[in-house]
Amino acid sequence: MVMTKVIKIDPSRPSEKLIREAAEVIKRGGLVAFPTETVYGLGADAFNRLAVLKIFKVKGRPPDNPLIIHICRFNQLYELAMEVPDRVISIVKKFWPGPLTVILRKSSRVINEVTASLPTVAIRMPAHPIALKLIEYSSTPIAAPSANLSGRPSPTTPQHVINDLMGLIDVIIDGGETLFGVESTIIDMTHDPPRLLRPGPLTIEEVERVLGGEVVIPPFARGLMESDKALSPGVKYRHYAPKARMVLVELSSYEDLRPLIMKVRELALMYVNEGLRVGILCSDETISHYKDIRALSLSLGPRSNQFIIAKNLFKTLRAFDEEEVDIIVAEGFEERGLGLTIMNRLRKASGYNIVKVDVGNLAICTRRNHIQAQ
Ligand code: AMP
Ligand code: MG
């Protein structure tokens, strides 16, 4: 056990003195949890082997799951990457500081502990005043995964970090709730065309517009299962998981939500009848349809606002844990725009426990039943 100091810092008027105090901890090889615009990060000096190893130990993170290095100035990119192709410059100029991580060939300065011995390195410049100042005052790039215990939903509030890491790390900076609530978009720029490794707040459409070309979306980036060999590092582990079991209901089309409501009701009622404490993860449009079921229904927000749905996702998964539900029946979302990010997280959180409803077939089945009933 270590003494964890919680330092409250107002992101709109960040106190230089308090951020310097946290930066001293990084410089000494300690661990600091800090807010970014995506989720909370657990940071260490990226050049300090022992400090980086502590991140893995504290989180219970498998050593072959590499970390992202966070920088605060563009020229740090050249310190960490062996080469920076023009197309990389075009996207980082446009999206940094921001929720974009690029994978590049690593320079010899980057230690194997950070990259899990890969020849590549993940780099991002976050757009959060506290994160940027922390990196600046630490006088070193900061290696940081999300500040949760490995496998748990990423932390979007200081309380989430406290719940997971109190007594395990030196400092938790409380900078309030994070803006996006999902981790950065990761693009592997060592491939041609570039490859999406993880969808995030920045949509693939936006990146393609700036690159002037296609970005490949492998199945694992959509949160679909593949053989271990084909996976990107870190993708093979169960991620974002609530303590409860989770089943995700996906439709072949979300134009009409009635088949979704029907299937979620059917599953939820089945589990209630088994005597389980049931949670229903739903949306503003559908929540009223579950009122009569003895379950805890929580809405992620309106389907018309994917930003809100993404922002509330991890927070809501953790809320189900607090209510100690046994099983969560979750609604799927359309995979367009930020929907790709939302579905990636939901599929992984469910441990790929997915029920697919083919709306075309269902329509036919329903019609047939109707005809028989007549
Ligand atoms: P986290 O910050 O906890 O979301 O984890 C960082 C993620 O970045 C990992 O799970 C990896 O998938 C990804 N990552 C980091 N470095 C690399 C790399 N060199 N190549 C591919 N993916 C990487
Ligand atoms: Mg993580």
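The values are calculated or read from the model by the stated rules, or taken from the named source; none is laboratory data. Bear in mind the structure is a predicted one, so any value in this text is a computation, not a measurement. Neighbour counts are summed over all protein chains in view; Cβ atoms, including those assigned to glycine, are modelled from backbone coordinates with ideal geometry. Only protein heavy atoms, including side chains, enter the accessible area calculation; ligands, DNA and RNA are left aside. Shrake-Rupley method; radii C 1.70, N 1.55, O 1.52, S 1.80 Å.
Helix 49-59 and the longest principal axis of the C-alpha atoms of the chain enclose an angle of approximately 20°. Take every Cα pair under 8 Å whose residues are at least 6 apart in sequence, average their separation, divide by the length of region 245-362, and the relative contact order is 41 percent.
Using the Karplus relation 6.51 cos²θ - 1.76 cosθ + 1.60 with θ = phi - 60°, the per-residue 3J(HN,Hα) values for region 140-150 come to 7, x, 10, 7, 8, x, 5, 8, 10, 5, 3 Hz, with x marking Gly and Pro.
When Rg and the Kirkwood Rh are both derived from Cα coordinates, the Rg/Rh ratio for region 245-362 amounts to 0.92. Rounded to the nearest 20 debye, the dipole size of region 59-172 about its Cα centre is 260 debye, using +1 on the Cβ of Lys and Arg and -1 on the Cβ of Asp and Glu. Surface exposure of the chain, expressed per residue as accessible area with a 1.4 Å probe, stands at 44 Å². Note on region 245-362: Lys pairs 8 or more places apart or on different chains, Cα atoms under 22 Å apart, count 7.
With Cα atoms defining each centre, region 140-210 and region 271-350 are spaced 21 Å apart in the structure. One decimal place: the segment ASP256-ASN273 gains 3.4 nm when fully extended, by the rule 0.36 nm per residue minus the C-alpha distance.
Counting only protein heavy atoms, what percent of the accessible surface of the chain is carbon or sulfur at a 1.4 Å probe? C and S fraction of accessible area: 52 percent.
Each label was represented as a point 7 Å from its Cα along the Cα-to-Cβ direction; for SER304 and ASN163 these points are 3.1 nm apart. By how many degrees, between 0 and 90 and to the nearest 10, does the Cα long axis of helix 339-349 differ from the longest principal axis of the chain? Tilt relative to the chain: about 90 degrees. On the beta carbon distance between MET225 and VAL6, with R0 = 51 Å, the FRET formula returns roughly 0.85.
3J(HN,Hα) along region 100-107: 10, 10, 10, 9, 10, 5, 7, 7 Hz, from the Karplus curve 6.51 cos²θ - 1.76 cosθ + 1.60 with θ = phi - 60°, whole Hz, x for Gly and Pro. Adding -39500 (n - 2.57) for every DSSP H run of four residues or longer, then dividing by how many residues the chain holds, sets the calculated 222 nm ellipticity at -10000 deg cm²/dmol.
When all protein chains stay in place and ligands, DNA and RNA are ignored, the 1.4 Å accessible-area order of MET262, MET225, MET125, MET166, largest first, is MET225, MET262, MET166, MET125.
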